[in-house]
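Report on the following structure.
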Amino acid sequence: MSDNPYQSPLTESRAVGIRSGNPADLRNVARYQKGVLVCILVYILLIVSQFFIPESLRPVLAFVALGVVVAGTVFVFMLAIAMHSVGVGILLGLLTLLPCIGLITLLVVNGQATNVLRQNGIRVGLLGADMSQLP
């Protein structure tokens, strides 16, 4: 078999755990994971702060919580689409809308994203992936 000089070069590099296999998609996974981490942090702060604020300010807290839940749903959906499939993304996104189960879903998806990034040689710390290591 002769080599075709007009054929695009084939790369051996594939990202592990990413549905597309494209290493450039690791950057998206890292971004979405950082969003999930921020949502987890704010979610926990909201739960704790409800015990320390006056009852008259709790509607404001609920409004902020609604924003965090919607943002978490979007980040979880995008992460699940990148790593799994659209159906899994929809299922996990819907699970984030449920109280308490939403926080568990955020933690599980964050763990999956951390494993995918580590399998691809990206260092992941408390605040997410080291963006300088990404393609």
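The values are calculated or read from the model by the stated rules, or taken from the named source; none is laboratory data. None of the values given here were measured: they were computed from a predicted structure. Note that we place each Cβ from the backbone using ideal geometry, even for glycine, and neighbour counts take in every protein chain shown. Just so you know, the surface numbers come from the protein's heavy atoms only, side chains and all, with ligands and any DNA or RNA stripped out. Shrake-Rupley method; radii C 1.70, N 1.55, O 1.52, S 1.80 Å.
The table for this structure:
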{"quantity": "Residues that are under 24 Å from LEU46 (Cα atoms), open to solvent by 30 Å² or more (accessible area, probe 1.4 Å) and not aliphatic (A, V, I, L, M), drawn from the stretch 120-130", "calculated": "GLY125"}
{"quantity": "Filtered residues of the stretch 13-42 (kept if open to solvent by 30 Å² or more (accessible area, probe 1.4 Å) and assigned to a helix (DSSP H, G or I))", "calculated": "ASP25, ARG27, ASN28, ARG31, TYR32, LYS34, LEU37, VAL38, LEU41, VAL42"}
{"quantity": "Any hit, the stretch 42-49, residues being under 28 Å from ALA15 (Cα atoms), under 17 Å from the mean Cα position of the chain (by Cα) and not hydroxyl-bearing (Ser, Thr, Tyr)", "calculated": "no"}
{"quantity": "Test set (1) out of contact with any strand residue (DSSP E or B) (no Cβ under 7 Å at 6 or more places or on another chain); (2) touching a residue at least 12 places away in the same chain (Cβ under 8 Å) - THR114 fails condition number", "calculated": "(1)"}
